[in-house]
Amino acid sequence: MMQTASYYQAPLAAKQTASMGDATRASVNHLLAGAFTTPCSTAAHAFMQIVPPLSRFQVTLDVLMPMLDSSVELTQRLLVSYILYALYAPHPIAINPFKSVLYATFVRERDTAVRIANAGGVSENEQLVWVLWKILKGDGSDIGPFSPNTLARSPLPPKLRAANLTLDEGPSVQKVVDPAPRNAVGSAEERSERDEENETYSRAASLLLAARERVLSLAEQRTLLPMIPKLTSPPVITSVDLLAVLSTNPALGHPLVTSLLTSNSETGPEPYLDVIKHLPPSLPSFDLVGRLLRDSTSVADMSTGGKTTIADLVRTEVLGWFIHECVMWLDLAEQDEREGNISDDRFAKGVQNLCRFYNSLIKLSIVDPASDADSAEMAHFTLRNSRFEEANSLYRILAMGKF
């Protein structure tokens with residue numbers, strides 16, 4: 001009887017194991033199909049939670065590896081590349097068992113991208129080449145905070161295009177060949193210097209993209225700040241990203257905005273000026289606008305086609321809008337306070353900070369209290385809120401200037 005029971009239990013256990021394996025694979029496929037908007041590190045963690053440790057290698061071979069193929073969507077390939085790295089992230093990339101596969105994919109995709117570039121086009125997988133390059137250089141952790149969608153849509157500056165990304169491997173691994181022949185004399189030194197520049201640039205670009213979502217450390221800021229002029233010509237980030245950077249890392253605000261306004265962006269300065277117009281009435285916002293209003297850096301004049309300064313450009317194109325948006329923001333905050341929707345002092349603090357900011361503009365002769373065009377809206381605002389000391393004092397100054 002014991003033997004008979006064992007005979008029937010063995011196939012049953014095998015069926016149960018196969019069923020569990022199918023369920024795991026289905027869960028992984030579901031994860032890969034819906035994780036494009038979550039950070040790659042989060043998706044990798046989810047993969048490790050779904051797949052038992054003893055099954056990960058086999059599931060990776062069966063499910064992940066085929067998705068590196070060029071027929072799969074870019075976002076899936078980006079995510080799979082990161083997961084293959086993340087599975088062995090605590091160890092050097094050199095001992096990652098999937099390194100050779102990642103490297104072969106890098107070589108294949110880079111060669112394709114270079115051929116397309118030489119023909120005057122742009123490969124849709126340029127971002128994949130850059131991600132694989134980062135992983136194989138040992139900087140895969142830089143990719144973790146970004147979602148596959150963000151990576152796929154983030155424009156790559158010329159220095160990080162596939163033709164400029166190389167990897168020096170051992171003699172047993174195929175080398176990436178530069179598309180343009182080089183003079184043998186000094187070529188190794190030139191390549192080493194170029195690779196070092198690209199690595200520095202790539203690290204700084206990763207930090208700037210990360211600055212949209214987390215506060216950078218002081219060490220990271222010191223790494224990023226000297227590279228901002230290069231990262232904005234052409235810009236690595238868009239005007240949509242700028243607001244997130246300013247909100248999360250206000251210390252980057254002035255150098256970043258100044259570089260964007262003076263960059264050779266195809267859109268010109270207008271999209272970045274529009275972001276500044278709609279900043280909330282916070283101390284970092286007032287600090288940024290105040291710095292820009294005193295910035296004498298030369299910039300293109302949108303109206304004449306000549307040259308002007310950042311200070312004049314912000315004075316004529318931004319300041320009035322910015323003050324108006326601050327007033328509207330505070331009016332809504334006051335309404336929310338009356339209706340009991342908020343219980344903090346954002347309205348009172350906002351009134352105080354806006355009035356102090358405007359008072360400093362008067363002292364610097366940036367606005368004229370006697371001019372209706374300059375100060376009519378603030379006169380009405382301070383009168384409505386004259387119960388606050390700062391508003392009352394500013395209203396008296398504005399009233400004295402007008403009468």
| In debye to the nearest 20, how big a dipole does the chain give about its Cα centre with +1 on each Lys and Arg Cβ and -1 on each Asp and Glu Cβ? | 700 debye
| field | Dipole of region 204-401, positive direction: furthest Cα of Thr223, Ser393, Ser371, with charges on the beta-carbon | value | Thr223
| request: Using a 10 Å cut-off on Cβ atoms, rank the peptides 68-78, 145-155 from the highest mean neighbour count down. | output: 145-155, 68-78
| Accessible surface ranking that places the most exposed of Met48, Met67, Met400, Met378 first, with a 1.4 angstrom probe | Met400, Met48, Met67, Met378
| request: Calculate, for His278 and Thr42, the FRET efficiency according to 1/(1 + (r/R0)^6) with r their C-beta to C-beta distance and R0 30 Å; round to the nearest 0.05. | output: 0.50
| Taking Cα pairs under 8 Å and at least six residues apart, what relative contact order does region 258-341 come out at, in percent? | 31 percent
| request: Could you state the accessible area per residue of region 24-164 in Å², with a 1.4 Å probe and every protein chain left in place? | output: 42 Å²
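The chain: D in µm²/s via Stokes-Einstein (Kirkwood Rh, Cα pairs, 37 °C, 0.692 mPa s)? Numbers along the way, then the final one.
Details: Rh = 25.2 Å.
Once the numbers are plugged in, D ends up at 130 µm²/s.
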| query | How much mean residue ellipticity at 222 nm does the chain get from its helices, if each DSSP H run of length 4 or more adds -39500 (n - 2.57) and you divide by all residues, to the nearest 500 deg cm²/dmol? | reply | -19000 deg cm²/dmol
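Evaluate region 220-272: find the radius of gyration of its Cα atoms, find its Kirkwood radius, and give the ratio Rg to Rh.
Rounded to two decimals, Rg over Rh is 0.93.
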| said: I'd like the GluC sites (Glu not before Pro) in region 206-267 restricted to DSSP loop residues with at most 13 other Cβ atoms within 10 Å, sorted by number. | reply: Glu266
| remark: Bounding extents of region 24-164 in its principal axis frame from Cα atoms, largest first in Å, are 46, 30, 25
| Normalised contact order of the chain, rounded percent, pairs of Cα under 8 Å and 6 or more residues apart | 9 percent
| remark: Across Leu330, Leu61, Leu136, the residue with the highest GNM fluctuation in the chain (Cα network, 10 Å cutoff) is Leu61
| How many lysine pairs in the chain, separated by 8 or more positions in sequence or lying on different chains, have Cα atoms less than 21 Å apart? | 12
| remark: A student asked for the Cα radius of gyration and Dmax of region 257-385 in angstrom ought to give 15.8, 51
| task | At most 13 other Cβ atoms within 10 Å and a DSSP loop assignment: could you name the GluC sites (Glu not before Pro) in region 312-389 that fit? | result | Glu339
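The values are calculated or read from the model by the stated rules, or taken from the named source; none is laboratory data. Not measured: the values here are computed from a predicted model. Quick reminder, even Gly has a Cβ in these numbers, built from the backbone with ideal geometry, and neighbours come from all protein chains shown. All accessible areas refer to the heavy atoms of the entire protein, side chains included, with ligands and DNA or RNA removed. Shrake-Rupley method; radii C 1.70, N 1.55, O 1.52, S 1.80 Å.
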